[in-house]
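S.K.: Got a structure for you, written out below as structure tokens; questions coming shortly.
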Amino acid sequence: MPLLSVTDLKTHYKSRDGLLRAVDGIDLVVERGETVGLVGESGCGKSTLGKTVLRLVDPTAGRIEFKGEDITVLDQRSLRGVRKSIQMIFQDPFASLNPRQTIGEILEAPLVVHKLGDRAERRQIIADIVAKVGLPPESVSRYPHEFSGGQRQRIGIARALLLNPELIVCDEPVSALDLSIQAQILNLLVEMKKEFGLSYLFISHDLSVVRYFADRVMVMYLGRIVESADNATLWSDPRHPYTRALMEAVPDPARPRQAAPLGGDLPSPSDVPSGCGFHTRCPLATDQCRAEEPEFRAIAPGHQVACHFSDHIN
Amino acid sequence: MAALLQVDNLTIRFPRAEPVRNLSFEINQGETLAIVGESGSGKSLTALALMQLLPRAAQIPNGRIAFGEQDLTKLNARGMRQLRGRDIAMIFQEPMTSLNPVMTIGRQIAEVLKVHEKLSSKAARERAIELLKLVRIPAPEKRVDDYPHQLSGGMRQRVMIAIAVACKPKLLIADEPTTALDVTIQAQVLDLLDTLRRELQMAVVLITHDLGVVAQWADKVVVMYAGRKVEQALPDDLFNDPLHPYTRGLLAASPRLKHDFHYRDGALTEIPGSIVSAVGETGCPFRPRCNQARASCGHHVPQLIVPAADRLVACPFTTSSKAVPHAAALSH
């Protein structure tokens, strides 16, 4: 049984421009001990997907199972038990830390909510976790503004780890950090994964980070998954034109410059194109793509693509 | 050929700090100079100094910013106003905060043309449409009456670029122009900037933290750390053979798309600590984080030395991993 299993999940919002299909029919599985990378550009729905999995946002349709238990319709009270096991790390740690609480107070809150330990025990748990994430012990009496960006993300990680979760949804955890700090945080996440036997759903727009960090990668465009494969396969044999364009667009010192691989902008998720959602920007689009939505189908074991012409790519 | 812009020993001082110290670089007509650094390196303040848009509390106690015949640090407000937007223009990271939300983009472009080129409203509007076409905005005749919120992030940055190049400036300062944009849009915007640079023979100062962008778009690179230039090189040299321990650390720390390296293979190389450790450092600002630091590194700030042609590095202990047969001298 997978740790997390999501079936045909949809999260739609009502907006002034009509129905916004942020997440529009997604299947997703995270196995125990696995890191699944979810890549896409802003507006593709990847953060909404993460929040829906945590039930911070209510899904419109579909099913979310955690360790076999259907959590799609659990009420807030019953969700509490599940929330202990699924935690989240956010992009901007400063925005997710109360500026008027000390780190000790911030870290104690979840323990109090979940009624874990007495005062002395809680203090010990906090001291342990603070040391594990590489912060000095005196951090507990300091306030968030006294820390640098990288240290704040360590606090965010400490908070996520406190309740001994099994799955952590990381939403762009290193995007706001300087390059020299990114490596520190990525290494810490790997260490914690090993130490606590964690699984990650790792949401990022940064392909090179996902390349390093994920076991399996899903590429998202306009609320749907367009390609899914294990890490090595995706980078060596990408079959969706969007995946390829994303890879080509990353400027890499090891490669000469190329012309921009894609023109145009991401279409609005409240006005999704007919047929294949990517046809408005796809260099290979034909009439078939404009009319018919491609099926998300397996082209090899563990490798799925939603493209009519995936056989012609490469 | 004399440099278009020559910055000599620029120091920016605030009452309690000197975020930029003794910075020198030059840029020629039509050239792209990248200034790379992380937050706190002083790269954005340097950009603001070039525009003479530093916060009021900041002073320039020493240094010169020579633009043609003029020293911008000595120019009065009126003189600077005439240059700004006409000869030197700037684009910023977040176009939404630099555009006026209650003014159509057409009027914002026209404003520059009315001020600097004294065009009539009608002529300025026509030029605005031409400029929108130049920056590849589809249906410019319609878009000219749009407000910023009606445009996507990439389109807004194109509008900023249209405003910046309206008077065909000699120098364009681009401060993290694509940091807020998606990677496929970033590629489009950088393509556009480079095309305009060639067509208009503009020099571009490209300020960025993204090493990939630097590698592919710059003619020359300045690496800054804690307010100082620590290395300068041609992009190929910098990436093939970084000399300063900080540059080496940055390149080693960054996960790369084309490198087959996975977390199961091992940890990423870290630069320990943070840039905060440079505060109050009397020796080399990178010393507290440097894996090659020696006792003497704490004695004084290392001078820039010329390890090879077209290169500068502020570390006396660095040796190239590649043999350099002739260490030709640089002008400075």
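S.K.: Have a look at the DSSP beta bridges in the protein assembly as shown and tell me what percent are antiparallel, nearest 5. Walk me through the numbers on the way to the answer.
M.R.: On the way: 49 of 86 bridges.
The answer is about 55 percent antiparallel.
S.K.: Residues of A:257-268, mean number of Cβ from any other protein chain within 10 Å of their own Cβ, rounded to a whole number? Before the final figure, lay out the partial values.
M.R.: Values: counts 7, 3, 3, 9, 4, 6, 5, 6, 10, 6, 0, 1.
Rounded to a whole number, the mean comes out at 5.
S.K.: Okay, next question. Among the lysines, which have Cα under 20 Å from the Cα of A:Lys193 when same-chain residues fewer than 8 positions away are ignored?
M.R.: Of all the lysines, those that pass the test against A:Lys193 - Cα under 20 Å, at least 8 places apart if same chain - are A:Lys67, A:Lys84, A:Lys132.
S.K.: If each of A:Gln258 and A:Val113 carries a label point 7 Å out from its Cα toward its Cβ, how far apart are those two points in nm?
M.R.: Roughly 4.5 nm, to one decimal.
S.K.: Below 8 Å between Cα atoms, with a sequence gap of 6+, how large is the relative contact order for chain B in percent? Let's see the in-between values first.
M.R.: Values: 588 pairs, mean separation 61.0, N = 332.
Across chain B, relative contact order equals 18 percent.
S.K.: If you take the beta carbon distance between A:Ser85 and B:Arg294 as r and set R0 to 60 Å, what does 1/(1 + (r/R0)^6) give as a FRET efficiency, to the nearest 0.05? Write out the running numbers ahead of the final one.
M.R.: Working: r = 50 Å, r/R0 = 0.83.
Once the sixth-power term is evaluated, E becomes 0.75.
S.K.: What do you get for the angle between helix A:149-161 and the principal long axis of chain A? Use alpha-carbon atoms, 0 to 90 degrees, nearest ten.
M.R.: Tilt relative to chain A: about 80 degrees.
S.K.: If a paramagnetic tag sat 7 Å from the Cα of B:Arg64 along the Cα-Cβ line, which residues of segment B:2-32 would have the backbone N under 11 Å from that point?
M.R.: B:6-9
S.K.: While we're here: Post the alpha-carbon centroid distance, segment B:23-99 to segment B:212-272, in whole angstrom.
M.R.: Here the two parts' Cα centres lie 25 Å apart.
S.K.: Let me ask another. Within segment B:15-113, which trypsin sites (Lys or Arg not before Pro) sit in a loop by DSSP and count at most 16 neighbouring Cβ atoms inside 10 Å? Please report the intermediate quantities before stating the final value.
M.R.: Details: sites: B:Arg16, B:Arg21, B:Lys43, B:Arg56, B:Arg64, B:Lys74, B:Arg78, B:Arg81, B:Arg84, B:Arg86, B:Arg107; in loops: B:Arg16, B:Arg56, B:Lys74, B:Arg86.
Here the trypsin sites (Lys or Arg not before Pro) that fit, given the DSSP loop and packing criteria, are B:Arg16, B:Arg56, B:Lys74.
S.K.: Continuing with this model, one more query. Rounded to the nearest 500, what is the 222 nm mean residue ellipticity of chain A from helices alone, with -39500 (n - 2.57) per DSSP H run of 4+ residues and division by all residues?
M.R.: It lands at -9500 deg cm²/dmol.
S.K.: Longer than 25 Å from Cα to Cα, which of B:Lys74/B:Lys170; B:Lys142/B:Lys170; A:Lys14/A:Lys46 are they? Say none if no pair is.
M.R.: On the way: B:Lys74/B:Lys170 20 Å; B:Lys142/B:Lys170 30 Å; A:Lys14/A:Lys46 18 Å.
The answer is B:Lys142/B:Lys170.
S.K.: Let me ask you something else. So what is the relative contact order of segment B:96-189, in percent, for Cα pairs below 8 Å that sit 6 or more residues apart?
M.R.: Working: 97 pairs, mean separation 30.4, N = 94.
Worked out over segment B:96-189, it gives 32 percent.
S.K.: I'd like to compare A:250-259, A:121-130, A:198-207: which one has the highest average count of other Cβ atoms within 10 Å, and what's the full order after that? Display every interim value, and only then the final one.
M.R.: Details: A:250-259: 15.0, A:121-130: 16.5, A:198-207: 23.7.
Ranking the peptides A:250-259, A:121-130, A:198-207 by packing returns A:198-207, A:121-130, A:250-259.
S.K.: Between B:Thr319 and B:His262, what FRET efficiency follows from the Cβ-Cβ distance if R0 is 30 Å, with the result rounded to 0.05?
M.R.: Working: r = 31 Å, r/R0 = 1.04.
Efficiency, rounded to the nearest 0.05: 0.45.
S.K.: Show that you can apply the helix-only estimate: for chain B, add -39,500 (n - 2.57) for every DSSP H stretch of four or more residues, divide by all residues, and state [θ] at 222 nm to the nearest 500.
M.R.: Details: 11 runs with 104 residues, N = 332.
After summing the helix terms and dividing by the residues of chain B, the value is -9000 deg cm²/dmol.
S.K.: Starting at the first residue of segment A:162-173, write each ³J(HN,Hα) from the Karplus equation 6.51 cos²θ - 1.76 cosθ + 1.60 with θ = phi - 60°, in whole Hz, x for Gly and Pro.
M.R.: Couplings: 3, 8, 6, x, 9, 10, 10, 8, 9, 9, 6, x Hz.
S.K.: Antiparallel versus total DSSP beta bridges in chain B: what percent is that, nearest 5?
M.R.: Values: 21 of 40 bridges.
Looking only at bridges with both residues in chain B, the antiparallel portion is about 50 percent.
S.K.: Could you work out, residue by residue across A:144-152, how many beta carbons of other chains sit within 10 Å of that residue's beta carbon, and then give the average as an integer? If you can, show how the numbers build up before the last one.
M.R.: On the way: counts 0, 0, 0, 2, 7, 2, 3, 2, 0.
Neighbouring Cβ atoms belonging to other protein chains average 2 per residue here.
S.K.: As an exercise, take the mean of 1/r over every pair of distinct alpha carbons in chain B, invert it, and state the Kirkwood radius in angstroms. It would help to have the intermediate numbers written out before the result.
M.R.: On the way: mean 1/r = 0.0472 Å⁻¹.
Radius from the Kirkwood sum: 21.2 Å.
S.K.: How well do other chains shield peptide A:156-168, expressed as the mean number of their Cβ atoms within 10 Å of each residue Cβ?
M.R.: On the way: counts 0, 0, 0, 0, 0, 0, 0, 0, 0, 0, 0, 0, 0.
Neighbouring Cβ atoms belonging to other protein chains average 0 per residue here.
S.K.: Over chain A, calculate the relative contact order: mean separation of alpha carbon pairs under 8 Å at least 6 apart, over the residue count, as a percent. Working shown, then result.
M.R.: Working: 572 pairs, mean separation 65.4, N = 314.
That works out to 21 percent.
S.K.: Another question, if that's okay. Can you compute 3J(HN,Hα) from phi for each residue in segment B:103-113, using the Karplus curve 6.51 cos²θ - 1.76 cosθ + 1.60 with θ = phi - 60°, rounded to whole Hz and x for Gly and Pro?
M.R.: 10, 5, 5, x, 5, 5, 6, 4, 3, 4, 5
S.K.: So, one more: Under a 5 Å amide H to amide H cut-off, with H placed in plane at 1.01 Å, what residues pair with A:Tyr221 once short-range neighbours are removed?
M.R.: Those qualifying (amide H under 5 Å, at least 5 residues apart or on another chain) are A:Val226.
Since every read-out is calculated from the coordinates, none of them should be taken as a lab result. The structure displayed is predicted, hence computed values, not measured ones. All Cβ positions, even for glycine, are placed from backbone atoms using ideal geometry, and neighbour counts span all protein chains on display.
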